[in-house]
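The structure's right below; bear with me while I get my questions together.
The values are calculated or read from the model by the stated rules, or taken from the named source; none is laboratory data. Owing to the predicted nature of the structure, the values given are computational and were not obtained by experimental measurement. Here the Cβ is made from the backbone with ideal geometry for all residues, glycine too, and neighbour counts use every protein chain on show.
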Amino acid sequence: MSEDGKVQIEKFDGKKFGWWKMQIEALLCQKDLDVVLEDDRPEKMPQADWDRMDKKARAVITFSLSENVAFNIQKETSARGMMAALSNMYEKPSAANKVYLIRELVNTRMRESDLVTAHINNLNSILSRLVSVNIKFDDEVQALLLLSSLPDSWSGTVTAVTSSSDTSKFTFVKMRDLILGEDVRRRNSGGSSGDLMHVGRVRKNNRCSGSKNRKRSQSRARNDVTCWNCKEVGHFRNHCPNDKKEVNAAVDHSDDSDDEVLICNAESSADSWVMDSGALFHATHSSEALQNLKIGDFGKVRLANDEVLDVTGMGDIDLVTLVGSTWTLRDVRVIPGLKKMLISVGQLDDQGHEVKFGSGR
């Protein structure tokens, strides 16, 4: 809008015709000139009035076109003819237009520095322009396109959504609202998109993290781990054949327990759960929401800055996911000082949950 209060739109230069068309039609409607875009003159309207309105509408359209575009319609004698000519040039579902828009769609990916709202608006614009050339994706595909266009820092959210929902029930609006809500939560919590935790099993000074090393380190760990229930060597508590609810878990830790600890990057202050394929157990900084809580000495963890923290408790928790389903996490370790709460992918797998990452891994 200009300083004098009059509405102005950016001149159309051959790009984003659908957006310009929507604006020019709204502007003509505001000026009560949109009637001239209809097929016929109303019977009760004098021809002179019709011609005067059409002339004004042609002026509005002309002023909203760049020079190189305006010359293409200078022979048109009516506002409706001008709009029809422009539609044939820039909105016609030609193969070239379709290829251009499809290429723009598949190359659209949100960067870490981009605003979520701006990215969604851009994707919406491309989908709308594709509809104008007779290419329309159903709601589920649009929702999946939105999820797949998010950057790597959103992989935890995408994994949580796609692992716990029937994708046939996805809608673009539902995914859009979910992403916008998650963006607000992240900004309010003060954490950035890239501040995720990475955990892994370690021995001595040989640190490893990620799904590649988890299997190797986990198999080593099973050979020398002591069950916290029966205190026998060779299995974890969740695989204990002698597990009884009335038996309280206990840990016999010696000074060399630091040989096998959790390596955490605790730089982010965002209060959220993070799925991690390298974590050997679930972990949280607070016992407030835990059920069946057991207090005691459950070992230690070492942060990336070499600070060592105590594991002071263990319990269960029910989590409501972003899409409304409930996960029960068992044997969650309480580690005061952590800034993120970790969901162990390995533990989910052991409990019978199906966890899928990108490319079906």
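Can you tell me which residues in the stretch 153-182 are over 24 Å from GLU112 (Cβ atoms), at pLDDT below 80 and β-branched (Val, Ile, Thr)?
Across the stretch 153-182, the qualifying residue is only THR167.
Of everything in the stretch 263-302 that's modelled with pLDDT of 80 or more and among the β-branched types (Val, Ile, Thr), which residue is surrounded by the most Cβ atoms within 10 Å (Cβ to Cβ)?
Among residues in the stretch 263-302 that are modelled with pLDDT of 80 or more and among the β-branched types (Val, Ile, Thr), the one surrounded by the most Cβ atoms within 10 Å (Cβ to Cβ) is THR284.
Hey, ALA26 hits all of (1) of a type in the set (A, V, I, L, M); (2) assigned to a helix (DSSP H, G or I); (3) surrounded by 11 or more Cβ atoms within 10 Å (Cβ to Cβ); (4) at pLDDT below 90 but one; which does it fall short on?
The one condition ALA26 does not meet is (4).
I'm trying to understand the selection: among the residues of the stretch 86-105, which are among the hydrophobic types (A, V, I, L, M, F, W, C) and either closer than 12 Å to LYS16 by Cβ or surrounded by fewer than 11 Cβ atoms within 10 Å (Cβ to Cβ) (or both)?
Residues of the stretch 86-105 among the hydrophobic types (A, V, I, L, M, F, W, C): 86, 89, 95-96, 99, 101-102, 105.
If the condition is that a residue be among the hydrophobic types (A, V, I, L, M, F, W, C) and either closer than 12 Å to LYS16 by Cβ or surrounded by fewer than 11 Cβ atoms within 10 Å (Cβ to Cβ) (or both), then ALA95, ALA96, VAL99, LEU101 are the ones that fit.
Hey, could you check the stretch 321-342 for residues that are of a type in the set (Val, Ile, Thr) and more than 14 Å from LEU290 (Cα to Cα) and say which is modelled with the lowest pLDDT?
In the first step, residues of the stretch 321-342 are kept if they are of a type in the set (Val, Ile, Thr); the result is 321, 323, 326, 328, 332, 334-335.
Cutting the leftovers down to more than 14 Å from LEU290 (Cα to Cα) gives us 321, 323, 326.
Working: THR321: 66, VAL323: 63, THR326: 75.
Here the answer is VAL323.
Could you tell me which numbered condition GLU307 fails, if it satisfies all but one of (1) closer than 12 Å to GLY337 by Cα; (2) buried (at least 17 other Cβ atoms within 10 Å of the Cβ); (3) modelled with pLDDT under 80?
GLU307 satisfies every listed condition except (2).
Look through the stretch 9-20, keep the residues that are over 16 Å from ASN72 (Cα atoms) and not in a loop (DSSP other than H, G, I, E, B), and return whichever of them is modelled with the highest pLDDT. So that I can check it myself, show each step before the final result.
Just the residues of the stretch 9-20 that are over 16 Å from ASN72 (Cα atoms), to begin with: 9-10, 16, 18-20.
Adding the requirement that they be not in a loop (DSSP other than H, G, I, E, B) leaves 18-20.
Numbers: GLY18: 80, TRP19: 81, TRP20: 87.
This residue is TRP20.
Filter the stretch 112-140 down to residues that are at pLDDT 90 or above and surrounded by fewer than 14 Cβ atoms within 10 Å (Cβ to Cβ) and give me whichever is nearest to TYR90 (Cα to Cα).
Among those residues, the one meeting the criterion is LYS136.
When you scan the stretch 9-19, do you find a residue that is surrounded by 13 or more Cβ atoms within 10 Å (Cβ to Cβ) and either in contact with a His (Cβ under 8 Å, 6 or more places away or on another chain) or free of Cβ contacts under 8 Å to residues at least 24 places away in the same chain (or both), even just one?
No: zero hits.
Same structure, new question: Would it be correct to say that ASN124 is touching a Phe, Trp or Tyr at 6+ places or on another chain (Cβ under 9 Å), without any contact (Cβ under 8 Å) to a residue 24 or more places away in the chain and either among the small types (Gly, Ala, Ser) or farther than 30 Å from ARG41 by Cα (or both)?
Numbers: touching a Phe, Trp or Tyr at 6+ places or on another chain (Cβ under 9 Å): yes; without any contact (Cβ under 8 Å) to a residue 24 or more places away in the chain: yes; either among the small types (Gly, Ala, Ser) or farther than 30 Å from ARG41 by Cα (or both): yes.
Judged against the criteria, ASN124 is a match.
For the list (1) loosely packed, with under 13 Cβ neighbours inside 10 Å; (2) free of Cβ contacts under 8 Å to residues at least 12 places away in the same chain; (3) over 19 Å from MET22 (Cβ atoms), I need the number of the one condition that GLY81 fails.
Unmet condition: (1).
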